[in-house]
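Structure first, commentary second.
The values are calculated or read from the model by the stated rules, or taken from the named source; none is laboratory data. This one's a predicted model, so the numbers in the text were calculated from it and none came from an experiment. Using ideal geometry, Cβ is built from the backbone for each residue, glycine included, and neighbour counts are taken over all protein chains shown.
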Amino acid sequence: MKYGSFSMTTTSKFLESVREHRESKKREKFSGVLEDYLKLIEEDRNIPALAHKRLYEKIIGEGVTVLDETDPRCNKLFNGETVKTYDYFSGQFFGMERPLEKVVRFLHSAAMKGEESRQVLLLLGPVGAGKSALVEHIKGALEQCDPIYALDGCPIREEPLHLIPRSLRDEFAETYGIKIEGDLCPVCRHRLLEEYGGDFTKFPITESSFSVRGRKGVGVVPPMDPNTQDTSLLIGSEDISKLDLYPEDDPRVLSLNGAFNVGNRGIVEFVEVFKNEIEFLHTMITATQEKSVPSPGKQAMIYFDGVILAHCNEAEWNKFKAEHTNEAILDRIVRVNVPYCLEVDQEVRIYEKLIGRSDFDSHIAPHTLRVAAMFSVLSRLKPSNKVDALTKMKIYNGEEIVEKGLIKKVDIKDLREEVEDEGMTGISTRFIMKAIDAALADSTKNMITPISIRESLIKQVKEQIVNPDERSRCLAFLQKVLHEEYLSILEKEITKAFVTAYEEQAESLFNNYLDHAEAYVNSTKVKDRVTNEEMEADEKFLSSIEEQIGIKGSAKNNFRADITSYMFAKLRRGEVIDWRSYGPLREAIESKLVASVRDISRIVTKSKSRDVKQQKKFNAMVQTLIDDYGYNEDSAEEVIKFASNNLWRDS
Ligand SMILES: Nc1ncnc2c1ncn2[C@@H]1O[C@H](COP(=O)(O)OP(=O)(O)OP(=O)(O)O)[C@@H](O)[C@H]1O
Ligand SMILES: [Mg+2]
């Protein structure tokens, strides 16, 4: 963590913010009676909105973006179906578009008072998939909502419109277009009679906000040990010290501080909900079904308006689901699966987010987080009959797969349909973060590299994964699949650093290839770009590129024809083409360049055998790695050493 240098201006600037903050808090709080409140409602009919609606509108209000065919992720990953993303969650949650869409859809239906307004939203997913983080973020939305109005002194901060007697509610609905739900809580009813002589126009009304830490509008129910489970946690209790002062059925003895009381008008969260005994959860049923919760003691039921969010993992869910006596609860649950992220690019962003939050300031060599992300995604994928694990991982990440000179046509939809419930098992984000910490602790140079993270992951898998099949599957990914994959990434990178003006060379190979392929296909001549001289298509040159990706014999003709028409079609559509435009050709050009420096790479990276000229070339390459690719001296040294030990072996 770096701190700015302190000066008087820094401090006085901050003090200015402190003053502004205090000013903003000074704003006069509303205080009035029914008449004043009705005037407010006249201006804004949304003021008495119920909890689901308030939350929904807050989230939607931050902005909605629709990913359509113009977005590459939409095309490749969502089969071209449109996907809505919500700005309130963006930058915080990655690769989670589908679950988020379902959560917001739930809130939407509930806001419209559909059946969902009487249901529990259950987030179901494996450990570390972001369920708690998601619930926290949703609770955070409440804190940003406009203040609510409530009966002054009401322990459950109830809606002031509850004052309006039943007999006037039809007229109220006609006048304001608002249907009043719910009746006064026992405490306010008692006060209305005792303190205001039953005159509901005199009952004071105040303004109040939401606060997670202040337990205002947010009630949390942690999983309870069966022995200490006590419904008072949910619905409050009778205050024994007051039992001497008042008769037993006097509402003044009530302490309405249970989760459903606190979370009234906001959110009640059940953490690991099915760890609780079923009896304990019955309050949840009444809260959803009847929109009211029992009151402690002998009082009437208390109206409840709130969003009930629960989360748990799959094992607990399956156990709970199997019990047929639990049907009543099951029927009142809307389940949203929150699987692990299965997109490598997005998984990397999760790690970046988590690292960004810590005081972490070590060097992270290029591809380090990607290697970790590839590992976690591989571990989460279910095997496919159509492709190998690595290919599936790449397709899920929207990458093009080139095989035998062709773009492999595998529909992501087919792969998804092949399996059920993918992403509900595998390596968790926490496992990866621990491996990153361990790699760092082992490092003497305050850095992590793809090499050290892989070692750390291997160690952690051996230590922590007990299931032998799972352990060997994970080790195979780390020791074989990712070892090779990383080497091929590294070889390309070092080649790029070696070849001066890599991009230009690639581009020039591309242009030459196109010129010659076109001439070959059309049986015309090639015009030299500089001298304008005409010449025959150079078949030897064409083949030297095609061979890089295993295209031989008559396949060459097809390849040349395909590329020519592909590029021509692109140009006709006014698109720009370059050497990266067509996957197979890009790969061929890359390998051609890699091959062109393979010998020199081998010699030069072996430190003992460098002559002066080679040393110069080596230094330039290292400098490029540092200046252009984000390595530092130590990490460049480490990856080069790794490359020279594992690539370009003297055969
Ligand atoms: N898809 C994701 N996008 C962004 N962050 C994520 C994602 N998945 C996990 N995380 C992060 O990983 C961390 C662990 O997630 P969290 O604690 O919310 O998991 P959980 O599902 O509640 O797990 P558990 O079942 O163990 O309680 C959090 O900091 C969260 O922000
Ligand atoms: Mg959690």
Could you please tell me which pairs satisfy a Cβ distance under 8 Å, a separation of 6+ or placement on different chains, a first residue in the stretch 353-375 that is closer than 19 Å to TYR631 by Cα and hydroxyl-bearing (Ser, Thr, Tyr), and a second residue that is in a loop (DSSP other than H, G, I, E, B) and within 16 Å of ligand 1 (Cβ to nearest atom)?
none
List, please: which pairs have Cβ atoms under 7 Å, are six or more places apart or on different chains, and start with a residue in the stretch 53-68 that is closer than 21 Å to ARG265 by Cβ and end with one that is in a loop (DSSP other than H, G, I, E, B)?
ARG54/CYS145; LYS58/GLN144; LYS58/CYS145; ILE59/TYR88; GLU62/ASP87; GLU62/TYR88
Without any contact (Cβ under 8 Å) to a residue 24 or more places away in the chain and more than 30 Å from ILE494 (Cβ to Cβ): is that true of GLU403 in this structure?
no
So, in the stretch 124-180, of the ones that are within 16 Å of ligand 2 (Cβ to nearest atom) and charged (D, E, K, R), which residue ends up farthest from GLY217 (Cα to Cα)?
LYS131
Would you please list the contacts, defined by Cβ atoms under 7 Å and residues six or more apart or on different chains, that run from a residue in the stretch 300-311 that is over 19 Å from VAL103 (Cβ atoms) and outside any loop (DSSP other than H, G, I, E, B) to a residue that is more than 16 Å from ligand 2 (Cβ to nearest atom) and basic (Lys, Arg)?
TYR303/LYS291
Restricting attention to the stretch 427-438, does a residue exist that is more than 16 Å from ligand 1 (Cβ to nearest atom), in contact (Cβ under 8 Å) with a residue 40 or more places away in the chain, within 28 Å of the chain's Cα centre (by Cα) and crowded, with 17+ Cβ neighbours inside 10 Å?
no
Quick check on THR283: is it out of contact with any His (no Cβ under 6 Å at 6 or more places or on another chain), closer than 29 Å to ALA435 by Cβ and surrounded by 15 or more Cβ atoms within 10 Å (Cβ to Cβ)?
no
Which of (1) touching a residue at least 24 places away in the same chain (Cβ under 8 Å); (2) of a type in the set (Phe, Trp, Tyr); (3) more than 25 Å from ARG370 (Cβ to Cβ) is the odd one out, the single condition TRP579 does not satisfy?
(3)
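For (1) without any contact (Cβ under 8 Å) to a residue 12 or more places away in the chain; (2) more than 16 Å from ligand 1 (Cβ to nearest atom), each residue gets a yes or a no:
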site	(1), (2)
SER109	yes, yes
GLU115	yes, yes
ARG118	no, yes
VAL127	no, no
LYS131	no, no
LYS139	no, no
GLU143	no, yes
ARG157	no, yes
Being over 14 Å from TYR520 (Cβ atoms) and among the aliphatic types (A, V, I, L, M), is that true of even one residue in the stretch 606-619?
yes
Looking at the stretch 307-332, which of the residues that are crowded, with 17+ Cβ neighbours inside 10 Å, under 23 Å from the mean Cα position of the chain (by Cα) and of a type in the set (A, V, I, L, M, F, W, C) is nearest to PHE431 (Cα to Cα)?
CYS312
When you scan the stretch 17-131 for strands (runs of 3 or more DSSP E) that lie fully inside it, which ones turn up with 3 or more residues that are surrounded by fewer than 18 Cβ atoms within 10 Å (Cβ to Cβ)?
64-67
Among the residues of the stretch 60-68, is any more than 17 Å from the chain's Cα centre (by Cα), modelled with pLDDT under 80 and either farther than 28 Å from GLU159 by Cα or of a type in the set (A, V, I, L, M) (or both)?
yes
Among the residues of the stretch 146-175, the number that are of a type in the set (A, V, I, L, M, F, W, C) and not in a helix (DSSP H, G or I) is 6
Show me the helices (runs of 4 or more DSSP H) found entirely inside the stretch 176-246 where at least 2 residues are under 34 Å from the mean Cα position of the chain (by Cα).
232-235
From the list ASP578, ASP562, which residue is more than 17 Å from LEU406 (Cβ to Cβ) and not aliphatic (A, V, I, L, M)?
ASP578
